[in-house]
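What follows is one structure encoded as C-alpha cells, with my remarks underneath.
Read the figures in this text as sums done on the coordinates, not as results from a lab. Just so it is clear, the model here is predicted, and its values are computed rather than measured. Every residue, glycine among them, receives a Cβ derived from its backbone with ideal geometry; neighbour counts consider all protein chains shown.
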Ligand code: WT7
C-alpha cells in the first residue's frame, strides 16, 4: 500500500483536491461551486430544470416548483416513470450489455445483472404484481436480503406506480406488523431467509408471524434464497421463480405525475411509533441523480459500491435509485463485513476494481479495531473517491480511511442527510471543496442550510444551534404517511416555513458545517436511528417492568450505545437473568439492532414535578458518572444517588 503517502491528520488538517482529480471533475473550483450554488438558491427553477433535462420525462413539466409551505410540488404537470429512468433509458441508449449490478452473496456466490437483464427481470416482477392485482398507489411491503431481487422488487413497484415500503431485514415481526398496519399494504415481497454470518435469518417465518390476523395483504411473493424450511400458505404465498416463469419479460412503463408517491420508509422519531416518511417521484429522482453526479462524481466507467442495506434510506437513494439513474455499474454485497473475516470488503474492492466506495464511520471504526493486516493483503489502488454517512466521523477514523483505504489520494465526501431529505444535503464536492475531518462542509445545490438559535436568529461563527433548511428542495419528504399533522408538527413548527432537521450544528469561520448530533430523543447507534420512546415502550410492555428510561452513551465503535434504566413492578426481584430476558424482549419487539447494551435497575427515575423523565440527567450520568447542575427541581432528588450506585454496581 502507499504508506509513503501517509499524512498525519488531526481535526485542523485541510486537504485540497488534487489537480488531477479537479481536472476531471464536474465542478473544479470553489468559485464555480459558489456561483452554481447561488443560482440554485436564487433561481431554483432554472437550476433544476437544467439538471432534470438529463433525465427522461414522458411529458415535460409546466412549472418547476410550486411551494405552499410546508407542501412542495416539484415538476408540476410532468409525467415520468422512475423505473424507466433507472433501467430502460440505459437500454435504449445502447448500454443494455453494461453491468448494472455485480453481486456477491455472503457464501461466495456471484452474479452479474446487466441493464438489459435488469429490464427483463423488473418487467417480469411488474407483470407478476399486476397478476396479483397490485395497482397504482397500492402499498407493497418488501422484506428482503441484499440480493438483486430486492432492487428488482423496488423497481417493479415503481414501474407500476405502486408504493414500496421496505422493512430492514434486521427488524422483528412486531415491527413488520406495525408497518403493515400503518401502510395497509396489499402485497408482500420477501424471501425464505437471509444469510448473516453463516447463519440464516428466518425472514419468511418472521413475516408469517407478522401476517397473523392481517386482512389487507392478499399475496406474498417469496424468493428462494437460503433453502431453509418454510411454510407456504395456499392461495396467499407464491414462489418468485414460479410466478416470474408464468409471465413475459416486457412491460410498457406508464408515465405518472411527478408527485406520484414512490415509497414510504419508516424512521424513528422522538415520540411514539416510527413515522412513515413519504417520498414522491420526480423531485426524488432529480435529487438523487444530481447528488450522484456532483457529489459522487459518477462517470461512465465507475464501479461504485455503497455498503448500506436497501432497508435504509441510503440503500434507497444510493443503491437502488441514484446510481441506476446515473447508469453506473455497482457492486452489491449480501452479508456481514467480517465474514469470513474482516478482509471481506477489501477483497471485494480488489476483485471488482471498485472506484467509488461509500460506507459509515461505525464500520470504519470496527475495521480499525480489527487490525490493518486485513487491509494490507489487498490492492485498493482502483479507488478514487470515498464517502461516509450516518454520523459525524471522528478524526482518527477519518485519518485511517483517508490514508489506509484511500492511499492518501482519494477525497472523502462526508455526506450529511436524513431519511426525510431523500438525498445528500451537506457534503464536499470532490473536485473543489477543501476537506477536513469531521465536517460535512458545504450545502449542496439548492440547499439553503442555516444554523439558528431558539429565536430564529442565525448563530455566530462556532456557536452551536439548530440545523435548518430554509427553502424546499426536490427530494424532500412530502408528508408523514397518513398523518399531515405529524409532518407539520415535527418538521415545520419551530420556525415559520423552515424545515428543522433535529440536529445540532455549528459553522466555522470558513463556512464548514459541523454536525453535533441529534437534539431530540433519538439515538444514533451504528448510524441507525432509534427512538428512546420506542425502546422504552418495548420495555414497559414486559410484565415485570413498571417504568423505563433509555439514553445513549458514547461508544467507541457504535457511536452511541443503548443504556436503559428500569424500575420493576413491586414484588419482582432484580436478577441478571431478568436483564438478559429484557434485552431479548427488546430485540423481539423491535429488532436485534435495538437490543440494549446495558440495563440498570433503578428504584425510581429522575422526574420533574410534572412527571417528565429527565433523560438529560441520565445521559450525563452514564457519560461522566456524575450529574452537574441543579437537581432540586426533581420530584425526588434522592433517586440520582441510587441510580449512580446502580451504574457503578
Ligand atoms: C441522522 C439521519 C442519511 C442516511 C443515514 C442516516 C445523522 C447522517 C451524517 C453525517 C453527522 C449524520 C444525523 C441525521 N447523520 N449523516 N454525515 N454527519 N451526522 O439516515 O436514519 O434518517 O438518520 O443521521 O443525526 O439527522 P437517518
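Round to a whole angstrom and tell me the spacing of the C-alpha centers of the stretch 606-649 and the stretch 8-28.
46 Å
Separation of the stretch 501-548 and the stretch 127-168 by C-alpha centroid, Å?
The two parts, judged by their Cα centres, are 30 Å apart.
Given the Cα-Cα distance of residue 508 and residue 24 and 0.36 nm per residue of separation, how much length would full extension add, in nm?
171.3 nm
Need one word for the stretch 539-649: rounded, prolate or oblate. Basis is the Cα gyration tensor (sqrt eigenvalues a ≥ b ≥ c); a/c below 1.5 gives rounded, then a/b vs b/c decides.
oblate
Take the alpha-carbon centre of the stretch 183-207, take the same for the stretch 419-477, and report the distance between them in whole Å.
Using only Cα atoms, the two centres lie 37 Å from each other.
Based on DSSP H runs of at least 4 residues, each adding -39500 (n - 2.57), what is the mean residue ellipticity at 222 nm of the chain after dividing by all its residues, to the nearest 500 deg cm²/dmol?
-8000 deg cm²/dmol
What is the antiparallel percent of DSSP beta bridges lying wholly in the chain, to the nearest 5? Don't skip to the answer; put the middle values down first.
Numbers: 60 of 100 bridges.
Taking every DSSP beta bridge within the chain, about 60 percent pair in antiparallel fashion.
Take every Cα pair under 8 Å in the chain that's 6+ residues apart, average their separations, divide by the length, and report that relative contact order as a whole percent.
It comes to 14 percent, rounded to a whole number.
Hey, could you get me the Stokes-Einstein D for the stretch 21-112, Kirkwood radius over alpha-carbon pairs, 25 °C and 0.890 mPa s, rounded to whole µm² s⁻¹?
D, rounded to a whole number, is 147 µm²/s.
The stretch 474-600: Rg/Rh from Cα coordinates, Kirkwood Rh?
1.07
Quick check on packing: order 216-228, 620-632 by the mean number of other C-beta atoms within 10 Å, highest mean leading.
Highest mean packing first, the order is 216-228, 620-632.
Rank these for me by crowding, 181, 106, 51, going from fewest to most other beta carbons within 10 Å.
The fewest-first ordering by Cβ neighbours comes to 181, 51, 106.
Over the stretch 100-247, calculate the relative contact order: mean separation of alpha carbon pairs under 8 Å at least 6 apart, over the residue count, as a percent. Provide the component values of the computation, followed by the final result.
Numbers: 248 pairs, mean separation 31.9, N = 148.
Reported relative contact order: 22 percent.
In whole Å, what are the extents of the stretch 302-457 along the principal axes defined by its C-alpha atoms, from largest to smallest?
53, 33, 28
Give the Kirkwood hydrodynamic radius (Å, one decimal) of the stretch 386-487, defined as one over the mean of 1/r across all pairs of different Cα atoms.
15.3 Å
Express the relative contact order of the stretch 522-648 as a whole percentage, based on alpha carbon pairs under 8 Å and six or more residues apart in sequence. Please report the intermediate quantities before stating the final value.
Numbers: 204 pairs, mean separation 27.3, N = 127.
Here the relative contact order equals 22 percent.
What ranking do 569-578, 594-603, 435-444, 263-272 get when scored by the average of other Cβ atoms within 10 Å per residue, highest first?
435-444, 263-272, 594-603, 569-578
Take residue 623 and residue 34, extend 7 Å from each Cα along the Cα→Cβ direction, and tell me the distance between the two endpoints in nm.
3.6 nm
Using the C-alpha gyration tensor of the chain, what are the square roots of 5 times its eigenvalues, in whole angstrom, with the largest one first?
36, 31, 26
Where Rh denotes the Kirkwood radius from the mean inverse Cα pair distance, what is Rg over Rh for the stretch 101-262?
Reported Rg/Rh (Cα atoms, Kirkwood Rh): 0.94.
If I model the stretch 288-393 as equal point scatterers sitting on the Cα atoms and use the Debye formula, what is log10 I(q)/I(0) at q = 0.13, 0.16 Å⁻¹?
-0.45, -0.69
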